[in-house]
Amino acid sequence: MGIFSRFADIVNSNINALLERAEDPEKMLRLIIQEMEDTLVEVRSSAARTLADKKELERRIERLRQEAEEWQGKAELALAKEREDLARAALGERKKLNDAADSMKDEMLVVDENLNKLKEELEQLQNKLKDAKARQQAMVIRSNTATSRLQVKQQLDSSKVTDTLSRFDSYERRIDDLEAQVEAHDLGQPKNLADEFAALEAEEKITSELEQLKAKMKAKSEQS
């Protein structure tokens, strides 16, 4: 069963209220747009048929007027031939045809009025459809943004990041320990050249490992 029961329901609808009451606003909006598009096709088809009927009505009125003019000519001919009875009958036929044409003319005025109203309502429907599609696009953008934010949070909360940070802290502690050992070893002892180079080599090795770890973390961060 459709969301709307008739064309006027769409034109007078409050999309905000419908979405607020919906359990799944995105699904509801898709249904609203689908029904609006289907209704738009139906109403346009109906309007096209009405316009075709109007043109046919115009042709019939024109034929009636022409036939009325023909009976006018016959009435004049009858009078010229001193046949007043025939002239009267001809004028009667002309009146019937003109009355029928006038009746159809009144009917066509109603058709024109309905077509004008339909045109206004179609414009309203198109505006409603345009608004609904804009809302749908905004909703998709919000959904994509929320998904991306969730992925970032999940990545930040993942054990891989925690493990990497833990290893990073461990390397820093190792450096601190090595530096402390060097300082403690040197306390009260004169430094010799071999010890100094050994300390430099040990520190350079740890520093190199630390830089490699930093580069690895930076690369992972750029990929995500």
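No value in this document is a laboratory result; all are computed from the given coordinates. What you see is a predicted model; the values in this text were computed from it and never measured. All Cβ positions, glycine included, derive from the backbone under ideal geometry; neighbour counts span all protein chains shown.
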Kindly state, to the nearest 0.05, the FRET efficiency for GLN34 paired with ASN116, given R0 = 45 Å and r defined as their beta-carbon distance.
-> 0.95
Summing +1 for each Lys or Arg and -1 for each Asp or Glu, what net charge is found among the other residues whose Cβ lies under 13 Å from the Cβ of ASP53?
-> +1
HN-Hα couplings for the stretch 114-119 via Karplus (6.51, -1.76, 1.60; θ = phi - 60°), in whole Hz with x for Gly/Pro, come out as 5, 5, 5, 5, 5, 4
Holding the Cα-Cα limit at 20 Å, pick out from LYS74/LYS105; LYS27/LYS119; LYS55/LYS128; LYS54/LYS105 the pairs that are longer than that.
-> LYS74/LYS105; LYS27/LYS119; LYS55/LYS128
Show which lysines lie in cross-link reach of LYS220 when reach means a straight Cα distance below 30 angstrom and same-chain residues fewer than eight apart are skipped.
-> LYS153, LYS160, LYS205
Simple spin-label model, 7 Å along Cα-to-Cβ: ALA219 to GLN136 in nm?
-> 4.4
The answer for the net charge of residues other than ALA68 whose Cβ lies under 12 angstrom from its Cβ, with Lys and Arg +1 and Asp and Glu -1, is -1
Excluding residues on the same chain fewer than 8 positions from LYS81, give the lysines whose Cα lies under 23 Å from its Cα.
-> LYS95
Surrounding charge for GLU82, neighbours by C-beta under 14 angstrom, Lys/Arg +1, Asp/Glu -1, total 0
Quick one: plug the Kirkwood hydrodynamic radius of the stretch 31-151 (C-alpha pairs) into Stokes-Einstein at 20 °C, 1.002 mPa s, and report D in µm²/s.
-> 112
